[in-house]
Amino acid sequence: MRAGHIAAVGECMLELAGAEDGLWRMSHAGDTFNTLWALRALTDTAQACDYVSAFGDDPFSAAQIAFMRENGIGVAASPKIAGARPGLYAITLDGAERSFTYWRSDAAARRLADDAGPLAKSLQNRSLIYFSGITLAILEAPARRRLLDALATARAAGATVAFDPNYRPRLWPTAAAAKAAIGEALALTDIALPTFPDENALFADPKPQATADRLAKAGIDEIVIKDGADPALVVCNGRAEPIAAVAVENPVDTTGAGDSFNGGYLAARLSGHPPHAAARRAHQVAAAVVQVRGALAPFSILRAAFEPI
């Protein structure tokens, strides 16, 4: 994969995480944004990183865009929707394991593909474009079609497309609808980054190798199947190898672990590391993220974790 400009497509929400004395700390997060955050930390600043979405015209949207820009992340030609605002979610922790409560049904990001022109402009001249099943799920069918068409055009122009199916049942009307949309996305995918429990839930794959076999039949040559604390299965050009996760004795918050793994993996691939070595670095990044609260670890922590042990 050639180094160059990077885009991630999806929804960045306001994140509320519990703090001391019953207070809440607000940040910004969302699956594809979390991945782009890690990519921004771990790639050359000469490579533009843009978050392709749609934003409101409210103070929270303005603060979100400012936060991105302060951290070296642009928004390309993402539209600003009058009267719209970001989605919101709150993290509830049981030990280090998390659950989420969402307020996102009218979020601005649901309109990121309403206009094909700005979307196409945002995806031009990219070396890497990353999106997820959540990106697909928040869009109505016509907008989803526009997004897939724009991705196909960008891919034909030389972009590498990376995709995490990231199946969340509550976002889809039926499992059949999710399967159909994810199947269309996989047909455009160069690097697949699924999580095995999601694939088991949606496709009833009995083990990670079954997921790998199914994705290989879809024509994908580079597949990395995450499986929590268990090894990730890395398959490239038919060669499969499990890569052990990094053990963390006392995790603080598992929010964003898989997203940051994806960011670490893609950053390593952009830097020229082969898939199996990239997965080892990605595990190190994910292990660092679960030792901080919230989805976004400081860049300094991500960079230290990315270096070889």
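Checked against (1) closer than 20 Å to A288 by Cβ; (2) crowded, with 17+ Cβ neighbours inside 10 Å, A54 passes all but a single condition, namely (1). For the range 124-133, check the following and say yes or no: at least one residue is more than 16 Å from the chain's Cα centre (by Cα), free of Cβ contacts under 8 Å to residues at least 12 places away in the same chain and more than 24 Å from G258 (Cβ to Cβ). Checked against the condition, which is being more than 16 Å from the chain's Cα centre (by Cα), free of Cβ contacts under 8 Å to residues at least 12 places away in the same chain and more than 24 Å from G258 (Cβ to Cβ), the range 124-133 yields no hits at all.
The set of residues in the range 147-170 that are buried (at least 17 other Cβ atoms within 10 Å of the Cβ), more than 16 Å from the chain's Cα centre (by Cα) and among the charged types (D, E, K, R) contains only R155.
Considering each of G238, G263, G258, G294 in turn, give the residue that is at pLDDT below 95 and open to solvent by less than 40 Å² (accessible area, probe 1.4 Å). Reasoning before the result, please.
Working: G238 fails: open to solvent by less than 40 Å² (accessible area, probe 1.4 Å); G263 fails: at pLDDT below 95; G258 fails: at pLDDT below 95.
Unique residue meeting the criteria: G294.
In a residue-by-residue description of the range 84-101, the property of being touching a helix residue (DSSP H, G or I) at 6+ places or on another chain (Cβ under 8 Å), within 22 Å of R126 (Cα to Cα) and surrounded by 15 or more Cβ atoms within 10 Å (Cβ to Cβ) applies to no position. Quick check: is even one residue across the range 213-233 open to solvent by less than 10 Å² (accessible area, probe 1.4 Å), touching a Lys or Arg at 6+ places or on another chain (Cβ under 9 Å) and not small (G, A, S)? No - not one qualifying residue is present in the range 213-233.
The number of residues in the range 18-46 being outside any helix (DSSP H, G or I) and open to solvent by 10 Å² or more (accessible area, probe 1.4 Å) comes to 12. Applying a threshold of 6 Å to beta carbon distances and a minimum spacing of six or more residues, or different chains, the list of pairs starting in the range 63-87 at a residue that is hydrophobic (A, V, I, L, M, F, W, C) and ending at one that is open to solvent by 50 Å² or more (accessible area, probe 1.4 Å) and not in a loop (DSSP other than H, G, I, E, B) reads A77/K121; I81/R111.
Of everything in the range 72-83 that is part of a strand (DSSP E or B) and in contact with a Gly (Cβ under 9 Å, 6 or more places away or on another chain), the residue that is least open to solvent (accessible area, probe 1.4 Å) is I81.
The values are calculated or read from the model by the stated rules, or taken from the named source; none is laboratory data. Quick caveat: nothing in here was measured; it's all calculated off a predicted structure. For neighbour counting, all protein chains shown are included, and Cβ atoms are generated from backbone atoms with ideal geometry for every residue, glycine included. The accessibility values were calculated without ligands, DNA or RNA, using every heavy atom of the protein model including side chains. Shrake-Rupley method; radii C 1.70, N 1.55, O 1.52, S 1.80 Å.
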